[in-house]
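Worksheet: the structure to be examined is printed underneath.
The values are calculated or read from the model by the stated rules, or taken from the named source; none is laboratory data. The model shown is predicted, which means the values in this text are computed figures rather than measured ones. With ideal geometry, Cβ positions are generated from the backbone for all residues, glycine too; neighbour counts draw on all protein chains shown. For accessibility, only protein heavy atoms count, side chains too; no ligands or nucleic acids. Shrake-Rupley method; radii C 1.70, N 1.55, O 1.52, S 1.80 Å.
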Amino acid sequence: MLKYLFLSLRPKQWTKNVLLFAGLIFSKNLFHWPLLLKAAAGFVLFCVLSGAGYLINDILDLRQDRIHPLKSRRPIASGRLPVSLALAAALLLMAAGLAVAFAIDGLFGLVALAYVSITIGYALFFKHVVILDMIVLATGFVFRAVAGVAVIHVTISSWLLVCTIFLALFLTLGKRRHELVVLGARAGSHRPILQEYSPYLLDQMVSVVTASTLMTYTMYTMAAETIEKFGTRNLVLTTPFVLFGIFRYLYLMHQKKLGGSPEQILLKDVPMVINILLYFIVTSLIIYLK
């Protein structure tokens, strides 16, 4: 039961919570150990809270997941993890996680509470509303970035927050498109809202979001406030890594029929992993070394 409960927390998707370290890196506090420890604590707490959210989502989607070729293997959908146990664990983890969040910092606790609220709201209502379902899901990424700023009490450029939501929308659109392609005619049975979309419509949205993501990030690197903050114009040199990452993801989504599990691409695709590592290395050198 413990094994199935842990798997239902979807540890592979905890990579999304790495966004909590964005504020630490771009505020030039990566090597400030007290703040690093607080950011790490925030990361762990959001893993707990997001895991609890996945449990609730799987409980509510139990019937639909059982007709999905991949989601039917999840512990709750397959019947290996009782719904009563999953629900009890979700409520306990959420309550404990929020209590610790408020104990660490009041502002961080409020952000964590907002994240939990929007997670539950998505599972109960928003995922059934066309377009709004993807926007709300992407907003969860923004709350992660904001939580990383709140827990260490620093400011972060609004450019980065806007870029975060565009990138989150990009990943969300890719996931929706993958569901449509994989399920085909059964897409509406699995998730009724999928009937409102088509691969063509999602491709048009992806085009808009892709251009917006790249443009927003490029403008951030060249903004006067960014140059003044870091004392260099060289952050624009990281743009090719962002461009390659987006193009690589599009290639995997269209040519390799991936995209349903962004965390798998970010962890298992070797060129993508190398690109991400190089991005963080080059960014750190530009920010921290004059």
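Taking the highest mean first, how do the peptides 122-131, 18-27 order by number of other beta carbon atoms within 10 angstrom per residue?
Top of the packing list down: 18-27, 122-131.
For segment 148-290, report the accessible area per residue in Å² (1.4 Å probe, heavy atoms, rounded to an integer).
49 Å²
I'd like the distance between the alpha-carbon centres of segment 48-74 and segment 221-273, rounded to an integer number of Å.
Segment 48-74 and segment 221-273 have Cα centres spaced 29 Å from each other.
For V181 and L237, compute 0.36 nm times the residue count separating them, minus their Cα-Cα distance, and round to one decimal in nm.
The V181-L237 span can extend by a further 16.6 nm.
Near K3, which aspartates and glutamates are there with a Cα under 12 Å away, not counting those fewer than 8 places off in the same chain?
Within the straight-line limit of under 12 Å, K3 reaches no aspartates and glutamates at all.
Taking K38 as the anchor, which lysines have their alpha carbon closer than 18 Å to its alpha carbon, excluding any fewer than eight residues away along the same chain?
K16, K28
Hey, rough spin-label estimate for L37 and L87, points 7 angstrom out along Cα→Cβ, what's it come to in nanometres?
That separation, rounded to one decimal, is 4.0 nm.
Quick one: accessible surface of R66, probe radius 1.4 Å, all protein chains present, in square angstrom to the nearest 10.
130 Å²
Label segment 24-183 by shape, choosing from rounded, prolate and oblate, from the square roots a ≥ b ≥ c of the eigenvalues of the Cα gyration tensor; if a/c is under 1.5 it is rounded, and otherwise prolate applies when a/b is larger than b/c, oblate when it is not. Walk me through the numbers on the way to the answer.
Details: a/c = 2.33, a/b = 1.45, b/c = 1.61.
Oblate, because a/c is 1.5 or more while a/b does not exceed b/c.
Which residue fluctuates the most in the chain, going by a Gaussian network model with Cα springs under 10 Å, if the choices are F170, F230, F46?
Residue with maximal mean-square fluctuation among F170, F230, F46: F230.
With +1 assigned to the C-beta of every Lys and Arg and -1 to the C-beta of every Asp and Glu, and no other charges, what is the dipole magnitude of the chain about the Cα centre in debye, to the nearest 20?
Magnitude of the dipole: close to 740 debye.
Over segment 194-290, with every protein chain in place, what whole percent of the accessible area is carbon and sulfur at 1.4 Å, could you tell me?
The value for segment 194-290 is 68 percent carbon and sulfur by accessible area.
Compare T210, T155 by solvent-accessible area with a 1.4 Å probe and give them largest first, with all protein chains kept in place.
My answer, sorted largest first, is T155, T210.
Hey, got the dipole for segment 110-203? About the Cα centre, +1 on K and R Cβ, -1 on D and E Cβ, debye to the nearest 20?
Working: 7 positive and 4 negative charges, 34 e Å.
In total the dipole reaches around 160 debye.
Taking 0.36 nm per residue of separation and subtracting the Cα-Cα distance, what length does fully extending E225 through A103 add?
Gain on extension, E225 to A103, equals 40.6 nm.
So how do H153, H68 rank on accessible area, 1.4 Å probe, biggest first, that is with the largest at the start?
Final ranking, largest accessible area leading: H153, H68.
What is the sum of charges, Lys and Arg at +1 and Asp and Glu at -1, for the other residues whose Cβ falls under 12 Å from the Cβ of N57?
Taking every Cβ under 12 Å from that of N57, the sum is +2.
Relative contact order for the chain: what percent, with Cα pairs under 8 Å and sequence separation of 6 or more?
19 percent
State the Kirkwood hydrodynamic radius of segment 141-229 in Å, one decimal place, computed from all pairs of distinct Cα atoms.
It is 14.9 Å.
For V208 and L289, FRET efficiency with R0 = 41 Å and r from the beta-carbon atoms, rounded to 0.05?
Once rounded, the FRET efficiency stands at 0.70.
In nm, to one decimal, how far is the L267 label point from the V18 one, both placed 7 Å along Cα→Cβ?
For the pair L267/V18, the computed spacing is 1.1 nm.
Express in whole angstrom the spacing between the alpha-carbon centres of segment 146-174 and segment 100-129.
15 Å
Pull out the extension gain between L60 and I274, defined as 0.36 nm times the separation in residues minus the alpha carbon to alpha carbon distance; nm, one decimal. Kindly include the intermediate steps, with their values, before the conclusion.
Working: separation 214, 0.36 × 214 = 77.04 nm, distance 3.71 nm.
That pair, L60 and I274, stretches by 73.3 nm at full extension.
What is the Cα coordinate range of the chain on the first, second and third principal axes, sorted by size from largest, in whole angstrom?
The Cα atoms of the chain stretch 56, 46, 32 Å along the principal axes, largest first.
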